[in-house]
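The values are calculated or read from the model by the stated rules, or taken from the named source; none is laboratory data. All values derive from a computational prediction rather than experimental measurement. Note: ideal-geometry Cβ built from the backbone for every residue, glycine included; neighbour counts use all protein chains shown. Quick note on the areas: whole protein, heavy atoms, side chains included, nothing else; ligands and nucleic acids left out. Shrake-Rupley method; radii C 1.70, N 1.55, O 1.52, S 1.80 Å.
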Amino acid sequence: QEGSADFVVEDFRLEGLQRIAEETVLSYLPISVGDRVDQQRIRAGVRELYQTGFFDNIAMERDGGVLVVRVEERPTIARITLEGNRQIESDMLRQSMREQGIAEGRVLNEQVVSLLEQELYRTYYAQGRYGVDIIPSIREVGNNQVDLTIEIKEGRVAKIRQINVVGNQAFDDDQLRKQLELRRAGWRTIFSSRDQYSREKLGGDLETLRSYYMDRGYADFGIQSVQVAIGPDRRDVFLTVNVDEGDVYTVRDVNMVGEFPVPEEQLSPFIQTQPGDTFSLARANRSAEHIKQRLGASGYAHAEVTPVPDLHRDDKEVSLIFYVEPGERIYVREIRFSGSESTEDQVYRREMRQFEKAPLSNVSVNRSRLRMQRLPFVEFVDIQEVPVPGSSDEVDLEVNVRERNFGQFQVGVGYGGFTGLSLNASVQNNNLFGLGHRADIDIQSNALGDFYSVSHTDPYAGSHGVSRTVGGFYSKQDIFARGQSPVSTTSTGMNLRYGIPVSEFDSIRYGASVRRSEFLLQQGTSQEFREFIENHGESFERGGFTGSRMDSAEINLSWVRDTRNRAFMADRGQRRVIGLDVAVPNLDLEYYQARINQESYLRLSDEWTLRLDGELVYSDVYGDNTLELPPFKQVFAGGPTSVRGYQAARLGPTDEFGRPYGGTTKFNMQNELLLPNLFADDETQQPAQYRFFLFFDAGYVWEDIDDVDASDLRYSTGIGATWITPMGILRFSYARPINVRDEDRERNIIDRFQIDLGGSF
Amino acid sequence: CGTTQEPRQPVDLGMSAEELYEQAWRRIQGGNFDGAMQSLRRLEARYPFSPEGQQAQLDQIFVTYLQRDRRGTAEQANRFIRENPRSEHLPYAYYMQGMAWFETRGSFTRRVLGFDHARLNIRNAERSFDAFRELVERYPDSDYADDARLRMIYLRNTMARHHWYVARHYLDQGAYMAAAARATRVVEDLQPNAVTPYALDILIEAYAAVGEETLAADTRRVLDRSYPEHRRGQRPPAL
Amino acid sequence: CAQKGAIEEPRELESFDARYDVNTVWTHRARGRAERLFLGLRPDTDGERVYVAGHGGRVAALSADRGRTVWSVDLDAELAGGPRFGERLVFVGSLDGRLFALDAEDGRERWSTQVGGEILAAPAVSRGYVIVKTADGRVRGLAIDDGAELWSRSEDPPALKMRGNAEPIIRGNRVLVGFENGRVRAISFRDGQSLWGDSVGVAAGRTELDQIADIAPLMAASEDMVYAASADGRLAAISMTGSRRWDRDIGSLAGLSIDESMLYLSDRNSEIHGLGLAGGASVWIQDALRARQVTAPVVYRDTVVVGDLDGYVHFLDVETGELVARTRVSRKRINVAPVIVGDSIVVQDGNGRVRALQLRDRN
Amino acid sequence: CVYRQDIPQGNLLDDEDIEQVEVGMTQSQVRFLLGSPMMDAPFHADRWLYHYYLDSQREHRNRNRFLSIQFDEQGRVSHIDFDPNGRRNGDSGRRNSDG
């Protein structure tokens, strides 16, 4: 190879290429035909080719006017096989390999493979698997391709044999060990992995230990050292934590230091520790958090409040100083929604309590999340602050909404001995066309009769959240509730209702409904019905039976207070409805009905919640020509939404044939102790889709207010579950009625196992 | 103890590039997209960084697009761009990134009822617009650039209408700074678009409501001068 | 670096024609089931009595000849290190870092003190001082009359260490301490000044397992030499003045012992080596007990004795390393090396069962 | 009447900060004192609008403030138009009539 300084390249000759195309190599070479090249440019060319990572060694020589490029292609990986990995799934392994450039079709690079091997060892050690053995092997497969096999012998995971805290006097080892996530191997940890050592968990546990002491006055607590030791066969791990408890400190004085855009007097009430109390880091942190919230509410969303205990070691006292840095007042520039492709932006934006181009207030942001989560078609809402590039006091809010499918759809074809072939379909869509409207269509037709109803609600018909509901129904049926004595009725009706929000949580609903009913006596009509039909409305004859036609109208008023944190599966807050329906006077029927529904969630502890759901109804007639409450206003008890264990609508007064006739006054109570959800995925605080509960129900219906007698109440207890399915909310219950009367047994209205599919919300 | 064996796929070194390619396209015609993807992947693995390998990568983008997998198409296109920094097929890859997120009209029922899909959220429209813009800036005269420019106009108007609806919402609620900001997005960031006069309407009202009479008057003059025939108080027509 | 790779299955024991029979002289049961806690409870003797401690808290003095209980006392502590007889006292340490000093005559507790670290190895006692090595990498000098701390030194251990500690050895006016980072240090036991330190093991390597380098629990010292092995695969012979005489690439997890001419060591794969004391040259290697996690070997008459993970005690010929006798003392693992008491050898298993054995010629 | 949530809009500033703004200051000095202006003025780049109002049903919470800062060509404050009680015309906060 002549050593002359430089020459003009007339042509290229590539040697050693097996599969990579010449153009590809030339395209990476910074030299083209006609260039004048010297040693320096050739070295740059070699470096460039190395960059591609395709070649092991590269040589360039001059042969007359031809630049000879001799390369040795690195083999590419034809196939990768992973064997023996159980703890880490193959695709997770392949993903991390792909990130390091090891994938089928890629060039094989020895150092990267050994780097990967190192990485795998470290991952397994972090999970306490010190016995792991990783053997990569490469097998030639012809035309410069190789098979890469990585064999992993995972070995057994090291179990924790001992967690030993040394130097603790105030609390004994067992008391401290109970607080920790890591546990010693024993029969209790057979199914859990808590006896498997992992570095993160140990870090977390040390933090827990520190705050356990700091929350109980040990302001000077310190962890001297931590030892992790393994046994000779690397299957046992021994944890030792050497602590220096120090003494119990009492708070000498508390004060706040820093800037106070919100006057100090408004912040100091949030401080929960007073001079003289035993020092508690937890209470100090909680106070700091509350002060931060208060600042956040006035636009200082990025305020930082840090409690700093200043120890006076000689007399075991602490001066607690809260450093308050409000930071800049933060504004929201833009609020963007994501996660739903078919719901209008406005449906969510109108629920927001935080506005664009306004001070960021975390109170408003939390209120917004709560309101959005109360929409029936929303499952989970997550709001992130994204700083605006180039502006230190503006953020955008990224609101990610995960929607539940919009409606419940239920079609059933059944055949009942009593009802014959029956078809029923009910469609309930609570986000119609992505407008946030709710539409219900209900069709039921069987041997007993047909029932059609449709209703539409627009929650924002008027501005500022005035809702309007319009509905109508037609029914032609022989009984009002299953198990009743037959009476043929046809009725049609319409209703219109408005809802006005009067506060963040309360709304007033007012409206009217009109109804035309025709009752026709039948073979088995009971005496009670007969009297009602004869005494009310205009009578008529049809097919040899007498009947009567009645027109009635109602004014409906109700006050709703709802503070629950979710539409379905709520576990905090309450919902109370106080309603009054009054019939319009001098029509055929004059009556009124008052009801109170109260559903409350009481948090017994962060895992246990009690759900109370009570209902009180009182109705009566007024004026002189209505003697009895019309059948369609009668109330019933028993069944999955009343007293579980009894068949639907069977409790209460009975007619001459012993069948339920309904009543005017009802008391009903469902209490459910919600079991902690073992499988709830608490990191993401996503509501579980199902929950189990123990329940205690009580309820009865009386014909008249003076018949009310507590001994009539029926009680039942048992276990149940609620499950949100794509089809709607399923409720299972297995009940054991407590005070079953003989007459109940005779009428065999006991029904231990009940399923209820419905979307009541 | 029996370790779980990875299923041994047959390494068919036998089929040549052309045969694999044939097999892939026969499967695409037959609608067997997964099968086509498999043969294209094998083709790419056997001939990496070669013209056949590149073509296989390009076809994989197209097949993922046919499978209506938006994210998959965008990722495949991105991989091609990363791995072939000097290929002459790059415009196609950028174009497909735009097409991955481009959508026409939203769901069927909303279209039948004539609801404007700009009222929905416009994340996909923004992603599609950014991809097309990158194509037009990098390869202004490639044969995909003209179609991309047309689609960009459509997307820009969709985004502008979206901001207009939000501005209108805030105006109705009485949040005038928010309304003005959204109107400004239409007027400043998304030019040219057919929504500007309607946005100026909102801007004028917002200024008037906060007492900025001079700004309101100036803006009304801009509106009358540049959009004389605009009728106030209307909703921008959906394209 | 530390032995990576999968754990071998313990090798099956084959029969062989034993030269001796092993019979049990006496047995004793010290309460406390701690087989898998790998504690440092190893009997000690003053010639006439054997002092034994169990994890359950019982310390007993037994007559060396027939194992008759002279006295026994129950301490309210999870004992883990010791006992150690010295200057008419018996010292024993607990997991909770408490060191007890009992009167060797009647077992009455003279004093006890909170040392501040887990005690997994018997202390060293000499001329009014008690030297305690704790698992946090610290060694402390205490006064023998009341346990007051006179000095303390520490070397911070690497992220991951082996279970257990090296027992300090006193020679002349210095105490030889093996640390978790692989260093052997000579310290003046009166004031804690360090005279010299030599890194036998080196904590180096990328993963935490590679950085394990603890000095094995049993070191050995003659008048002018000290021998120590480390978990990362090193064996070193160091003069009392601190200069390294020779070293070999043989590690150990349990430790070693010496006689006038040889050094005996069980390596990390539980193969037992006989090396020349002068230059460390290999004389014999016995691999019949491979992967049986044997204890450190102890010289007894003309044999070398180890215990293993299934409770077997093996006797090897000092000259050739051949197996000459074997017996099974319990079903539980033997974690600590046997102890020579008079002309019997005493073994303690993980559950506190103690057994004195003697060899008898077979023919 | 119908409950309407509080509607805050614009820059919530403290009087001391506003008083420190003087004619002649540079734009970065104004931004340091008052932060980013919340009301956009697309055709009046020379004007920064720091108005603020809070519409609330609870009368005592209502607050209005009008603050507009004008800059000359060199980007120096040329005119400060400040009205502590704001210049709102009529009742804003509801556009079309109630339901």
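A few points about this structure:
- Test: C:Glu260 is surrounded by fewer than 22 Cβ atoms within 10 Å (Cβ to Cβ), touching a residue at least 12 places away in the same chain (Cβ under 8 Å) and within 14 Å of chain A (Cβ to nearest Cβ): no
- Selection count, segment A:212-230, where residues are in contact (Cβ under 8 Å) with a residue 24 or more places away in the chain and within 14 Å of chain C (Cβ to nearest Cβ): 5
- Candidate set from segment A:502-521 (those that are away from chain D (no Cβ under 14 Å) and either of a type outside the set (D, E, K, R) or loosely packed, with under 14 Cβ neighbours inside 10 Å (or both)); member that is farthest from A:Ser488 (Cα to Cα): A:Ala512
- Meets criteria (at pLDDT 90 or above, surrounded by 19 or more Cβ atoms within 10 Å (Cβ to Cβ) and under 15 Å from C:Leu176 (Cβ atoms)) for C:Leu218: yes
- Condition check for C:Asp103: more than 14 Å from chain A (Cβ to nearest Cβ), surrounded by fewer than 16 Cβ atoms within 10 Å (Cβ to Cβ), without any contact (Cβ under 8 Å) to a residue 40 or more places away in the chain and acidic (Asp, Glu): yes
- Top-ranked residue in segment B:122-149 [being free of Cβ contacts under 8 Å to residues at least 24 places away in the same chain and open to solvent by 30 Å² or more (accessible area, probe 1.4 Å); ranked as farthest from the other protein chains (Cβ to nearest Cβ)]: B:Asp146
- Residues within segment C:122-158 that are away from chain A (no Cβ under 13 Å), part of a loop (DSSP other than H, G, I, E, B) and either of a type in the set (Val, Ile, Thr) or within 12 Å of C:Val92 (Cα to Cα) (or both), tallied: 3
- Condition met for C:Ala337 (at pLDDT 90 or above and open to solvent by 30 Å² or more (accessible area, probe 1.4 Å)): no
- Options D:Phe82, D:Phe32: the member that is away from chain B (no Cβ under 14 Å) and more than 30 Å from B:Thr196 (Cα to Cα): D:Phe32
- Members of segment B:38-91 found to be at pLDDT 85 or above, of a type in the set (A, V, I, L, M), more than 18 Å from B:Ser142 (Cα to Cα) and open to solvent by less than 40 Å² (accessible area, probe 1.4 Å), listed by number: B:Leu40, B:Ala56, B:Ile61, B:Val63, B:Ala74
- Those helices (runs of 4 or more DSSP H) of segment A:1-100 in which 1 or more residues are farther than 27 Å from A:Val141 by Cβ and within 14 Å of chain B (Cβ to nearest Cβ) occupy A:22-28, A:39-52.
- So B:Glu44, is it within 12 Å of chain A (Cβ to nearest Cβ) and of a type in the set (Asp, Glu): yes
- Qualifying position, being out of contact with any strand residue (DSSP E or B) (no Cβ under 6 Å at 6 or more places or on another chain), of a type in the set (S, T, N, Q) and either open to solvent by less than 50 Å² (accessible area, probe 1.4 Å) or over 23 Å from A:Ala78 (Cα atoms) (or both), among A:Gln145, A:Gln162, A:Gln127: A:Gln127
- For segment A:286-299, the set of residues classified as open to solvent by 20 Å² or more (accessible area, probe 1.4 Å) and closer than 13 Å to A:Val324 by Cα consists of A:Glu289, A:His290, A:Lys292, A:Gln293, A:Arg294, listed by residue number.
- Close pairs (7 angstrom Cβ cut-off, 6 or more residues apart or separate chains): surrounded by 14 or more Cβ atoms within 10 Å (Cβ to Cβ) in segment A:25-48, assigned to a helix (DSSP H, G or I) and among the basic types (Lys, Arg) anywhere: A:Ile31/A:Arg41
- Test: residue in segment A:2-23 that is among the hydroxyl-bearing types (Ser, Thr, Tyr), open to solvent by less than 60 Å² (accessible area, probe 1.4 Å) and closer than 22 Å to A:Glu110 by Cβ: no
- Test for A:Ala583: is it of a type in the set (A, V, I, L, M), closer than 22 Å to A:Asn625 by Cβ and buried (at least 17 other Cβ atoms within 10 Å of the Cβ): yes
- Matching residues in segment C:262-282 - criterion: being part of a strand (DSSP E or B) and either under 20 Å from C:Ser222 (Cα atoms) or of a type outside the set (Val, Ile, Thr) (or both): C:Met262, C:Leu263, C:Tyr264, C:Leu265, C:Ser266, C:His273, C:Gly274, C:Leu275, C:Gly276, C:Ser282
- Residue in segment C:285-295 that is in contact with a Leu (Cβ under 9 Å, 6 or more places away or on another chain), more than 26 Å from C:Trp26 (Cα to Cα), touching a residue at least 12 places away in the same chain (Cβ under 8 Å) and in a strand (DSSP E or B) present: yes
- Flag if C:Arg326 is touching a Ser or Thr at 6+ places or on another chain (Cβ under 8 Å), in contact (Cβ under 8 Å) with a residue 24 or more places away in the chain, outside any loop (DSSP other than H, G, I, E, B) and charged (D, E, K, R): no
- Tally of residues being open to solvent by 10 Å² or more (accessible area, probe 1.4 Å) and over 24 Å from D:Asp40 (Cα atoms) across segment A:328-347: 4
- Tally, over segment B:123-149, of residues that are under 15 Å from B:Ala100 (Cα atoms), of a type in the set (Lys, Arg) and out of contact with any Ser or Thr (no Cβ under 6 Å at 6 or more places or on another chain): 2
- For A:Lys357, the criteria (1) surrounded by fewer than 18 Cβ atoms within 10 Å (Cβ to Cβ); (2) within 14 Å of chain B (Cβ to nearest Cβ); (3) in contact (Cβ under 8 Å) with a residue 24 or more places away in the chain hold in every case but one, which is (1).
- D:Gln5 being in a loop (DSSP other than H, G, I, E, B), open to solvent by less than 30 Å² (accessible area, probe 1.4 Å) and either closer than 30 Å to A:Tyr510 by Cβ or basic (Lys, Arg) (or both): yes
- Checking each residue in segment A:586-623 for being touching a Leu at 6+ places or on another chain (Cβ under 8 Å), in contact (Cβ under 8 Å) with a residue 40 or more places away in the chain and buried (at least 17 other Cβ atoms within 10 Å of the Cβ) picks out A:Tyr591, A:Gln593, A:Thr609, A:Arg611, A:Ser619.
- Top-ranked residue in segment A:522-564 [being in a loop (DSSP other than H, G, I, E, B) and open to solvent by less than 10 Å² (accessible area, probe 1.4 Å); ranked as farthest from A:Asp478 (Cα to Cα)]: A:His536
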